Each structure stands twice: as C-alpha cells, then as structure tokens.
Amino acid sequence: MNTTQVRYQWRHVADLAAALRLSRAQMSREHGTHAELARHQQQRLEVVVRHAATHSPFYRRYFAETGALAGGPVQLTRLPVLDKSLLMEHFDELVCDPRLRRDELLDWVGRITRDQLYLDRYRVMLTSGSSGRLGLFVLDAAGWRSIPAGLLRGTTWYGLRPTLPRQRMAFVGGASPSHISRQAATIGIGPHRVLAVPITLPLPRIVQALNQFQPTYLQAYPSAATWLADEQHAGRLRVSPRILVTVAELRTPQMTQRLHGAFGVRPFDVYGSSEGLFGSECEHHQGIHLFEDTTLVENVDADGQPVPPGQPGARLLVTNLYNLVQPLLRLEVTDVVTLDPDPCPCGRILARMKAIYGRSDDVLSLCARDGGQVAVHPLHFALLTRDPQVGEFQVIQEGPLLRVLVVPRHPSSPPVASGDDRLETRLSHAIVQQLLEVGVLDPQVTVERRSELARTAGGKLKLVIADPARRPGEEARLTLRPR
C-alpha cells in the first residue's frame with residue numbers, strides 16, 4: 001500500500017467517525033424548538049458566508065461592491081442567486097482553494113477508475129443529473145461528512161442500527177466513481193457492509209449480485225426498483241430486504257404498490273442532491289423531511305419570491321451550511337415542490353415536502369384550448385404506470401408532438417394485432433384523454449415500443465424530455481397534483 005492509499009484509508013476512517021458523531025448531533029435537533037434550529041442555521045450561515053467573503057475571489061468582489069456584509073448578521077436574502085451555468089462559468093473564482101481549476105478537475109474526473117481524493121483532500125462529484133446541465137462539485141472534509149451523516153441519520157429512522165454481524169446495504173445506482181451514489185457507498189468500512197451495484201450492468205448480473213449479497217437494506221432509483229420487483233415476482237430475484245429505499249427519481253403511487261407487493265415492505269422515499277440537500281421520509285411516510293440543519297432551503301416562485309407552505313413553488317434555492325471550499329449559496333435547484341404547512345405525526349420539526357412534482361425543466365408547454373399555453377407536468381403521465389404491461393416509459397416532446405417510448409414488462413409477448421387491447425392504442429388513448437382534461441388543444445401522441453430507454457450518465461431515467469424551444473413561460477398555467 002503506497003503513501004496515497006494510506007492517507008486515503010486514514011481519511012476514510014476519520015470521515016466515518018466524524019459522520020457518526022454528526023448524525024447523532026443532527027438527530028438531537030430534530031425534536032427541539034424552531035428557535036434552536038434557527039440559531040444553529042444562522043451560526044452555520046455566518047461561518048460559510050464569512051469564509052467565502054475572505055477566500056473566494058467571486059464573493060470577495062461581490063461583498064466589496066454591494067456592502068452586503070456591512071455590519072450586523074448575514075442576511076440570506078441579500079446573497080446573490082446562483083444557477084449551474086453561473087456556477088460552472090465562474091468556477092475558478094467561486095472556489096476557496098486556488099489550486100482548484102475547473103478544466104483540470106474535469107480532466108481528472110474523466111480519468112479516475114476508483115474512489116479517490118483530489119489533492120489527497122477533496123471529494124469531487126460530477127453530475128448532469130435530472131436537469132441535463134453539467135455540475136461540478138468539490139467537497140472538503142466537513143462538506144463531505146454531512147452526506148454520510150445524513151445517510152446514517154436516515155437508516156436510523158428506518159430502524160437499521162449497527163449489529164454483529166454487520167447489516168448488509170446494497171445500492172443500485174450510478175456507475176461512475178464521481179457519482180454521489182457511488183461515493184456514498186464508501187461507508188462500507190464501518191457499521192455496515194455495503195455493496196455498490198452499477199445500474200449499467202445487465203439486469204441478470206444485478207440480480208445475481210443481489211442474490212449473493214442478500215441485502216438487509218436495498219436502495220435503487222424507482223425505475224430500477226420496478227425492474228427488481230418484476231424479477232422478484234418472476235422468482236429470479238430472491239431477496240428479503242427489511243428496508244427498501246428509492247431515491248433521485250419520481251416514484252408514482254402505482255410504483256409504490258408494485259414495490260410493496262414484490263418485497264412485502266413499504267418503501268421509503270429519499271431526496272438527495274450533489275448540492276448537499278438531503279431528506280427522507282420518516283416512519284409515517286407522509287412526505288420527505290428535509291435535513292435543513294445542514295442545508296438551508298428556500299421554496300420560491302418564478303420571480304424568486306418566497307412561496308408559503310401549502311403552495312407549489314417554481315424552484316428551490318439551496319445553501320450548503322457545511323462545505324467551505326466551494327460556497328454553494330442560494331444555488332438554484334429546479335425541483336417543483338410543495339412544503340407541508342402541518343406538523344408531522346413523528347414530531348420532528350424539520351420542513352417536510354408534501355409533494356414533489358419533479359424538475360421545472362421537465363414541464364411541457366402545449367397549446368391550450370382557450371388560447372395561450374398549458375403546462376403539463378411529468379406526474380400527469382403517471383397513469384402509464386397503472387397499465388400492467390408497462391415496465392417503464394419516457395415522454396419526448398418534439399414541438400406539438402409527444403413521443404411516448406414504452407418498455408413492456410413482458411417484451412417477449414407478441415403485440416395484439418388489432419383492437420382496443422393493443423398496447424400502443426390503449427396508452428395513446430389514455431394520454432390524449434388526460435391531456436384533454438388539463439386543457440390541451442388537439443393533443444398529438446404516438447406510442448412506440450422499445451427494448452430499453454436511454455439514461456443519464458448517472459443512471460437516472462428522465463421520465464419527460466421537454467423541447468427546449470417550447471418550455472413554459474410565465475403565462476403557462478401549471479396544473480399540479482400531489483402524488
């Protein structure tokens with residue numbers, strides 16, 4: 001073992017120990033008062049913003065020009081809003097270590113083949129994620145440790161506690177070493193055994209790996225989890241996870257039913273992002289609690305104004321409270337969510353997402369019957385998952401035309417030659433009726449069978465791919481329904 005590997009192993013052990021301590025501290029705040037949580041948030045905000053003002057050329061210039069830090073506490077709303085484009089364009093000026101350069105990091109990430117630390121110090125994650133826009137994220141020790149701490153926090157909620165022999169956690173997710181799901185799996189040295197299964201593997205190999213490992217805890221994207229549910233029903237997959245978790249994609253009620261039926265446990269839904277925002281359902285399964293003691297969250301409308309709980313926003317503004325090397329202050333995340341105004345029966349004081357509608361980038365803009373445009377959200381296509389012959393689907397917008405690509409659950413079965421039972425006819429009719437109900441003028445829909453669907457570099461399935469030229473403007477009426 002060379003010097004670099006020794007340093008990596010020591011850092012790995014230190015990260016795990018710190019994450020365990022941090023997760024305990026996080027859980028101690030969950031049942032406190034809102035005033036105590038606000039004080040903690042403000043203390044962390046002061047640390048990250050004042051560090052950025054000193055060490056980031058971008059923020060040093062901004063605060064010098066605006067005087068936004070002139071006396072008094074840091075005010076979140078006086079900070080500029082970032083999006084991924086701005087983050088990437090000004091990457092070299094935003095970071096607080098001058099050794100970090102965007103192009104050099106992108107080259108390094110493209111060459112690594114295993115879990116590594118950049119400069120023996122930083123974790124680097126690359127994502128095109130659900131938005132399709134490149135994001136490069138660098139985490140120092142404190143920033144990284146908040147992520148496995150959140151994972152350990154969630155597993156404690158689910159009742160997965162350290163035991164001897166160790167619990168077995170399987171993650172079916174991104175294949176690249178720079179993907180967050182692969183890096184999160186590095187907690188394997190510690191309280192639990194971990195198996196990371198790349199979603200890019202052929203399905204029989206994924207099934208074989210899970211059968212051999214026999215996970216207590218199984219985590220996958222919802223689309224991949226439904227594959228596994230079919231394999232479990234067919235008898236090829238033979239696992240009995242005590243805890244089933246889905247992450248990173250929309251999970252419809254129909255998917256939830258399929259998973260529950262196949263594995264006999266109610267799946268937990270987890271929210272996670274490379275920007276540092278994480279959250280999870282609790283034992284009541286009434287929405288995702290956001291870990292807002294590690295990341296501040298603002299739910300805002302199209303003009304950037306706060307949206308009250310109970311109403312859907314247009315996007316989230318995320319402020320990471322622990323990562324110092326790359327200040328992520330009010331970074332735009334294009335998820336459309338509604339925060340629940342009511343407390344959760346579990347008693348935790350953390351903000352809770354009542355409904356997640358997906359990315360605003362995925363909202364379709366179609367001509368309305370009464371003029372103007374109507375915005376159609378991915379969840380409007382959830383009806384497809386109710387059809388017993390649909391394994392997975394993807395909707396691609398090409399101008400006014402919607403192409404619906406469908407992978408049948410039983411692809412070897414020949415299609416019915418004619419009649420209303422033909423899959424393509426049945427689905428096309430159902431989608432047209434749904435679009436007519438939300439006010440679309442003359443819906444144009446085609447349904448096409450596929451053996452597989454394209455996924456992002458991280459392995460996610462985009463349910464809807466909007467035509468960039470037809471994305472809804474402010475005049476579009478967003479018709480949202482909670483899941």
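The values are calculated or read from the model by the stated rules, or taken from the named source; none is laboratory data. Owing to the predicted nature of the structure, the values given are computational and were not obtained by experimental measurement. Neighbour counts run over all protein chains shown; Cβ positions are idealised from the backbone, glycine included. Just so you know, the surface numbers come from the protein's heavy atoms only, side chains and all, with ligands and any DNA or RNA stripped out. Shrake-Rupley method; radii C 1.70, N 1.55, O 1.52, S 1.80 Å.
Need the failing condition index for Ala35 against (1) under 28 Å from Leu290 (Cβ atoms); (2) in contact with a helix residue (DSSP H, G or I) (Cβ under 6 Å, 6 or more places away or on another chain), just the number.
Every condition holds for Ala35 apart from (2).
Are any residues in segment 314-340 modelled with pLDDT of 95 or more and assigned to a loop (DSSP other than H, G, I, E, B), and if so, which ones?
Matches in segment 314-340: Leu321, Tyr322, Asn323, Leu324, Val325, Gln326, Pro327, Leu328, Leu329, Arg330, Asp340.
Criterion first (within 27 Å of Gln42 (Cβ to Cβ) and either among the polar types (S, T, N, Q) or surrounded by 12 or more Cβ atoms within 10 Å (Cβ to Cβ) (or both)) does Pro73 satisfy it?
In short, no.
Does segment 366-375 hold any residues that are modelled with pLDDT of 85 or more and open to solvent by less than 20 Å² (accessible area, probe 1.4 Å), and which are they?
Scanning segment 366-375 gives Leu366, Ala368.
Please determine whether any residue of segment 22-43 is under 30 Å from Arg99 (Cα atoms), in a helix (DSSP H, G or I) and basic (Lys, Arg).
Looking for residues that are under 30 Å from Arg99 (Cα atoms), in a helix (DSSP H, G or I) and basic (Lys, Arg), one finds none in segment 22-43, hence no.
Just one of (1) over 23 Å from Arg29 (Cβ atoms); (2) open to solvent by less than 10 Å² (accessible area, probe 1.4 Å) trips up Glu332, so point out which.
(2)
Find all pairs meeting these conditions: Cβ atoms under 6 angstrom apart; at least six residues apart or on different chains; first residue within segment 87-113 and touching a residue at least 40 places away in the same chain (Cβ under 8 Å); second residue open to solvent by less than 60 Å² (accessible area, probe 1.4 Å) and in a loop (DSSP other than H, G, I, E, B).
Between residues of segment 87-113 that are touching a residue at least 40 places away in the same chain (Cβ under 8 Å) and residues that are open to solvent by less than 60 Å² (accessible area, probe 1.4 Å) and in a loop (DSSP other than H, G, I, E, B), the close pairs are Leu94/Ser56; Val95/Gln326; Cys96/Ser56; Cys96/Val325; Asp97/Val325; Val109/Ser178; Ile112/Pro177.
Return the residue satisfying two criteria in turn: it lies in segment 341-391 and is in a helix (DSSP H, G or I) and among the small types (Gly, Ala, Ser), and of such residues it is farthest from Pro253 (Cα to Cα).
Ser360
Scanning segment 214-239 for residues that are under 19 Å from the mean Cα position of the chain (by Cα) and of a type outside the set (A, V, I, L, M), which turns out surrounded by the most Cβ atoms within 10 Å (Cβ to Cβ)?
Ranking the qualifying residues of segment 214-239, first place goes to Gln219.
Residues checked against (1) within 27 Å of Thr200 (Cβ to Cβ); (2) touching a helix residue (DSSP H, G or I) at 6+ places or on another chain (Cβ under 7 Å); (3) surrounded by 23 or more Cβ atoms within 10 Å (Cβ to Cβ):
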| site | (1), (2), (3) |
| --- | --- |
| Leu134 | yes, yes, no |
| Gly154 | yes, no, yes |
| Leu160 | yes, no, no |
| Pro165 | no, no, no |
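Do the conditions hold for Leu100, that is, is it on the phi < 0 side of the Ramachandran plot, under 23 Å from the mean Cα position of the chain (by Cα) and buried (at least 17 other Cβ atoms within 10 Å of the Cβ)?
The answer is no for Leu100.
Identify, by number, the condition in (1) under 27 Å from Asp342 (Cα atoms); (2) more than 15 Å from the chain's Cα centre (by Cα); (3) in contact (Cβ under 8 Å) with a residue 40 or more places away in the chain that Leu290 doesn't meet.
For Leu290, the failing item is (2).
I need the full set of residues from segment 349-365 which are at pLDDT 90 or above and either surrounded by fewer than 18 Cβ atoms within 10 Å (Cβ to Cβ) or in contact with a Gly (Cβ under 7 Å, 6 or more places away or on another chain) (or both), in order please.
Within segment 349-365, Ile349, Arg352, Met353, Lys354 meet the criteria.
For the structure I just gave you, tell me whether Gln394 is in contact with a His (Cβ under 8 Å, 6 or more places away or on another chain) and under 22 Å from Gln254 (Cα atoms).
When the stated conditions are applied, Gln394 does not pass them.
Here are some residues: Gln326, Gln311. Which one is touching a residue at least 40 places away in the same chain (Cβ under 8 Å) and of a type in the set (S, T, N, Q)?
Gln326
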